[in-house]
Amino acid sequence: LEAWFAHIAGLKLVMPSTPADAKGLLTAAIRDDNPIIFLEHKLLYRTKGQVPEGEHVVPLGKADVKRAGTDLTIVTWSREVVFSLDAAAKLADEGISAEVVDVRTLVPLDKETILGSVRRTHRLLVVHEAIKRGGYGAEIAAMVAEDAFDDLDAPPKRLAGLETPIPYAKHLELSVVPQVDDIVRAAKDLVA
């Protein structure tokens, strides 16, 4: 879904992963004079977390490094941030240090944060729920290949949902979109 909206010129696209980011990004979106699509993942609705009281604004176009790392960069958004953080914790237990970058807004994209992270870790894994073909992860991988090619120790890798509609049954959905263990496997392949 996000790839469709990201390709409409003049439209900004926001996809928060935490309650605090949802509040801050929604405030920024309301105050912005441009048209904005604000996509909320339905499975994040029950997420609990700290939410700043009073005024809280998260600037549009500013990614957030949710976990620092040195061996690879995982760039992701929305619900996959939760899975990527869990995967990074598992990877740490095996001696692999993964940096997790939550883009928060796909348009505008915070290229500086992504490129800075990749230049430090020398590897990129983009994780998203949408299918790989035509997915927004390809835009991020291409941007890194164009602007940080000499810094890469391995080709950028994308982990995405299967090319099928997402099933209604939860146990079937788990087999269609990237899960924690899928991210761990993809990260290990990238650093091998």
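What does the charge count near V107 come to, summing +1 for each Lys or Arg and -1 for each Asp or Glu among other residues with Cβ under 14 Å from its Cβ? Charge balance near V107 sits at 0. Secondary structure note: in the chain, about 25% of the DSSP beta bridges are antiparallel.
Assigning unit charges at the beta carbon (Lys, Arg +1; Asp, Glu -1) and nothing else, what dipole magnitude in debye, to the nearest 20, does the chain show about its Cα centre?
Its charge dipole is roughly 380 debye.
Using the Karplus relation 6.51 cos²θ - 1.76 cosθ + 1.60 with θ = phi - 60°, the per-residue 3J(HN,Hα) values for the range 6-14 come to 5, 8, 9, 4, x, 9, 9, 9, 10 Hz, with x marking Gly and Pro. Dividing the mean sequence gap of close Cα pairs (under 8 Å, 6+ apart) by how many residues the range 1-145 holds gives a relative contact order of 28 percent. Per the Debye calculation on the chain with a single equal scatterer at every Cα and no solvent contribution, log₁₀ I(q)/I(0) for q = 0.08, 0.16, 0.17 Å⁻¹ amounts to -0.24, -1.01, -1.14.
Per-residue Cβ neighbour counts within 10 Å put R123, R185 in the sequence R185, R123, beginning with the fewest.
For the range 43-118, GluC sites (Glu not before Pro) are listed when DSSP marks them as loop and at most 15 other Cβ atoms sit within 10 Å of their Cβ; the list is E53, E55, E94. Taking a ≥ b ≥ c as the square roots of the Cα gyration tensor eigenvalues, the range 2-44 comes out oblate, since a/c reaches at least 1.5 and a/b does not exceed b/c. Put simply, the amide H of L124, placed in the peptide plane, has neighbours under 5 Å in T73, K157, leaving out anything fewer than 5 places away on its chain.
Among D86, D181, D32, the residue with the largest mean-square fluctuation in a Gaussian network model of the chain, with springs joining Cα atoms closer than 10 Å, is D32.
The residue among L190, L174, L124 whose Cα reaches farthest toward the positive pole of the charge dipole of the chain, with charges on the beta-carbon of Lys, Arg, Asp and Glu, is L174.
All of the numbers you see were taken from the coordinates with simple rules; none came from a lab. Keep in mind that this is a model prediction, so the values were computed, not measured. All Cβ positions, even for glycine, are placed from backbone atoms using ideal geometry, and neighbour counts span all protein chains on display.
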